[in-house]
Amino acid sequence: EAHAIEALAAGTDCIVAQGSEAGGHGCRPEVGSGTIALAARIVSVVRSNEEWHDTPVLAAGGIVDGRGLVAALALGCDGVVLGTRLWASHEGKGLVSYKERLADSNIGPDEVIRTQVMDGIQNSYTPNPWPEPFDSSGLIRNSTIDTWHGDYDK
C-alpha cells in the first residue's frame, strides 16, 4: 500500500496491485499480501483521493482466466495483468518443457510455492542480485525447492 501511495505521489499513470500469488518475481510471502486483499485496499486508496481517483488500478497475481478478471472488476479494478499465463503461450520465450508443465491442467495450487530458493542460487553468483524483499518467485515445486525451501541458508 505504501509503495502505491509513493508511486501515486510521483505521478504514475497506473498502479499494478501484484499479490503474493504472482508467478514472477515479487515480495516474499511474509511481507506481501494476497491479490484480492491488496487490490481491494489499493482501489480504496486510489478512489478516495481526489487527485488520484482516475488512476487505473490493475490486479496481478494468480489471475489465469475470466473468473479472475471478474473478481478484480468486482473489487473496482480497471483490469488485470497476466504474466505467467501469457509466458506459457506459444509466443512466450522459454523452454517448451517448462511452459508445458506450467500449462498442465493437473497442476494445483498446492504444487506452486513462492520461495527464495532459485533467486538465492542466482544471487550467489550474479553481479546483479534480486534485491530484498523482492527476491522470491512463484514456482512449481521440484526436488531442489523441496530440499531447500525454509532452510535456504544451509
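The values are calculated or read from the model by the stated rules, or taken from the named source; none is laboratory data. Everything numeric in this text was worked out from a predicted model, so none of it was measured. Every residue, glycine among them, receives a Cβ derived from its backbone with ideal geometry; neighbour counts consider all protein chains shown. Ligands, DNA and RNA are stripped out before the accessible areas are found, and what is left, the full protein with its side chains, is counted by its heavy atoms. Shrake-Rupley method; radii C 1.70, N 1.55, O 1.52, S 1.80 Å.
Things to note:
- Residues in region 113-128 include at least one that is at pLDDT 80 or above, in a helix (DSSP H, G or I), of a type in the set (A, V, I, L, M) and open to solvent by 70 Å² or more (accessible area, probe 1.4 Å).
For (1) open to solvent by 50 Å² or more (accessible area, probe 1.4 Å); (2) within 29 Å of PRO131 (Cα to Cα); (3) touching a strand residue (DSSP E or B) at 6+ places or on another chain (Cβ under 9 Å), each residue gets a yes or a no:
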site	(1), (2), (3)
ALA9	yes, yes, no
ASP13	yes, yes, no
VAL16	yes, yes, yes
THR35	no, yes, yes
ARG47	yes, no, yes
HIS53	yes, no, no
GLY66	no, no, no
LEU69	yes, no, yes
ARG85	yes, yes, no
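- Selection status of PRO29, at pLDDT 85 or above, open to solvent by 40 Å² or more (accessible area, probe 1.4 Å) and under 27 Å from PRO133 (Cβ atoms): no
- Residue match in region 124-137 (condition: without any contact (Cβ under 8 Å) to a residue 40 or more places away in the chain, out of contact with any strand residue (DSSP E or B) (no Cβ under 6 Å at 6 or more places or on another chain), of a type in the set (Ser, Thr, Tyr) and within 21 Å of ALA10 (Cβ to Cβ)): no
- Conditions (1) of a type outside the set (S, T, N, Q); (2) under 17 Å from the mean Cα position of the chain (by Cα); (3) open to solvent by 60 Å² or more (accessible area, probe 1.4 Å): number failed by GLY79: (3)
- Checking GLY11, GLY61 one by one, the residue that is in contact (Cβ under 8 Å) with a residue 12 or more places away in the chain and not β-branched (Val, Ile, Thr) is GLY61 and no other.
- Among residues of region 64-81 being small (Gly, Ala, Ser) and at pLDDT below 95, the one that is farthest from ALA40 (Cα to Cα) is GLY66.
- Count of region 87-110 residues, restricted to those that are closer than 20 Å to THR35 by Cα and open to solvent by 70 Å² or more (accessible area, probe 1.4 Å), is 3.
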